[in-house]
Amino acid sequence: MFKSGVGFLALFGLGWWLLGSSAFDGLTRQVLVVSGCVVMVGLMLAARRFLPSSAGGPFPVGRRRRFNQINGLQWLLIIAIAAVCRHVGVPVLVPPLIAVVVGLHFLPLAAVFEQPRLRIPAALLIASGAAGMTVWLTNGPDESVRLVVGLISALSLWAMAIWTVAGAASATGQGPGNERSGGA
């Protein structure tokens, strides 16, 4: 599930969802948090059910090294963004800028994993960050920035996870209405 990327997409999707839900209070936020957790668990269970245990396989050494380099740079940029935005007094810009960085990190990963479809969440996360920046630049409230960035980013990652699971399920004939006995 994690080798296929679905686990990461589900978990980080939940993180973005929680950011977006922070724009609300009370019962609405509680319902959103619970629903986000349900989606994440559902994706994990679907991945376990429909993806082969070897999905993704072990990374060759060169691919693993490139993956680690890309992710290391991503995390360094995220730390720098958080520190600089806090230092200059605009912590509201942390989520949109991180969304852009995370989106950009999918572009080289598309090549590393030979998965051109990773360009889709890349574009959507970059757009999410741009939308959040637009809300901020037009004097929108901080809550709206978090809502826009969190919602678009979460839905983008979860949609990619669903696409991955659905593709695997349809490839093995295990989609809804095509249940096979003994499916993993």
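The values are calculated or read from the model by the stated rules, or taken from the named source; none is laboratory data. It should be emphasised that the depicted structure is a prediction, and the values quoted were computed from it without experimental measurement. We place every Cβ from the backbone using ideal geometry, glycine too, and count neighbours over all the protein chains shown. Heads up: the accessible areas ignore ligands, DNA and RNA and are worked out on the full protein's heavy atoms, side chains in. Shrake-Rupley method; radii C 1.70, N 1.55, O 1.52, S 1.80 Å.
Scanning the range 129-152 for residues that are within 26 Å of L11 (Cβ to Cβ), free of Cβ contacts under 8 Å to residues at least 60 places away in the same chain and open to solvent by 70 Å² or more (accessible area, probe 1.4 Å) returns a single hit, D142.
Residue by residue, here is whether (1) farther than 21 Å from S156 by Cα; (2) under 18 Å from the mean Cα position of the chain (by Cα) holds:
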site	(1), (2)
N71	no, yes
V88	yes, no
L93	no, no
V102	no, yes
F106	no, yes
E114	no, no
I120	no, yes
G129	no, yes
T138	yes, no
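Residues considered: F67, F59. Of these, the only one that is open to solvent by 20 Å² or more (accessible area, probe 1.4 Å) and part of a helix (DSSP H, G or I) is F67.
Please tell me if R86 is basic (K, R), open to solvent by 70 Å² or more (accessible area, probe 1.4 Å) and under 22 Å from G7 (Cα atoms). Criteria not met by R86. So, L147, is that one part of a helix (DSSP H, G or I) and modelled with pLDDT of 95 or more or not? Answer is yes for this residue. Go through the residues of the range 109-117 one by one and say whether even a single one is among the charged types (D, E, K, R) and outside any helix (DSSP H, G or I). Checking the range 109-117: at least one residue is among the charged types (D, E, K, R) and outside any helix (DSSP H, G or I). Taking (1) open to solvent by 30 Å² or more (accessible area, probe 1.4 Å); (2) small (G, A, S); (3) closer than 17 Å to A159 by Cβ in turn, G26 satisfies each apart from (3). Filtering the range 35-56 to residues that are at pLDDT 90 or above and either over 15 Å from A10 (Cα atoms) or open to solvent by 90 Å² or more (accessible area, probe 1.4 Å) (or both) leaves V38, L45.
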